[in-house]
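Below is one structure, written out as structure tokens; the observations come after it.
The values are calculated or read from the model by the stated rules, or taken from the named source; none is laboratory data. Everything numeric in this text was worked out from a predicted model, so none of it was measured. Backbone-built Cβ (ideal geometry, glycine too); neighbour counts: all protein chains shown. For accessibility, only protein heavy atoms count, side chains too; no ligands or nucleic acids. Shrake-Rupley method; radii C 1.70, N 1.55, O 1.52, S 1.80 Å.
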Amino acid sequence: MRAPKESGSWCWNVENIEEPGLEYALMTAARMGAVLEKYDLLAPSSLEWSWFQTGRGGLGAHSRLDLAPHSLDDPVLPDALLACRPTGYPQSEVGGILVLGSGAWFDADGKRHSEYRMVELMVAPDETDLWVELSVHHDVWGQCDFRGAPHPAIHANNAPRLASALQELVQVLGAEPEPGEPTYYGRAEGYGLGPPDVIDGRGPDLTDAAFG
């Protein structure tokens, strides 16, 4: 199951960048995307982002761009994003960029299943630095499903890939991540999700809220 809010997230604030901005953000997304694709977690297929204007904030305008025939490291991609700028706001700038695509999870028998937005990657360019967030929403990364039933085989078939990817991303970004804010559905702890509170052999039932 996929929760409407993340069950875990990891954040980096990349500083001391020689040439910060959109180009650097997309280059970083490409490097991170290569790691995530290597572990079958995210095959980037499209980008979504918001627009903002300095001194005015968010404009409520959003754009989406299918990557094909581009790749994240395509040198013409920054111009392709800027070409989507709202005509009514010629001074607007690209905000946080969400990298979307499909990944895989493996069931208790080891069978592979493709799932859209298995992992989400967001890069937010700024004038001086870059904010990066990786988040997960599904219960396959935790020790129990969202109904509270332990699923050790599913956890063992999925969580190690996420942990390995996060460790490799530390090398790519040159820094350890900070855990994102906990939600009702879980929290990041190290390179995985924090253990649930198990009572009488079961974790908490989190299905009393609407699921996406």
Next on the checklist: Using only Cα atoms and rounding to the nearest 10 degrees, what angle (0 to 90) does helix 152-173 make with the longest principal axis of the chain?
Outcome noted: 30
Item to check | Gyration tensor (alpha-carbon) shape descriptor, the range 129-191, a/c threshold 1.5 | outcome: oblate
Item to check | Amide H partners (placed H, <5 Å) of residue 183, local residues excluded | outcome: none
Checklist entry - Efficiency by 1/(1 + (r/R0)^6): what FRET value for residue 189 and residue 66, r their Cβ-Cβ distance, R0 = 35 Å, to the nearest 0.05? => result 0.50
Next on the checklist: Between residue 176 and residue 198, what is 0.36 nm times their sequence separation minus the Cα-Cα distance? Round to one decimal in nm.
Outcome noted: 5.0 nm
Next on the checklist: If amide hydrogens are placed 1.01 Å from N in the peptide plane, which non-local residues have theirs closer than 5 Å to the one on residue 206?
Outcome noted: 147, 148
Checklist entry - Rolling a 1.4 angstrom probe over the protein heavy atoms, how many square angstrom per residue are accessible across the range 7-124? => result 49
Checklist entry - Between the helical axis of 22-38 and the dominant principal axis of the chain, each derived from Cα atoms, what acute angle in degrees is found, rounded to the nearest 10? => result 30
Item to check | Summed residue charge, Cβ within 10 Å of residue 135's Cβ, Lys/Arg positive, Asp/Glu negative | outcome: -1
Item to check | Residue-averaged 222 nm ellipticity for the chain, from DSSP H runs of 4+ at -39500 (n - 2.57), nearest 500 | outcome: -7000 deg cm²/dmol
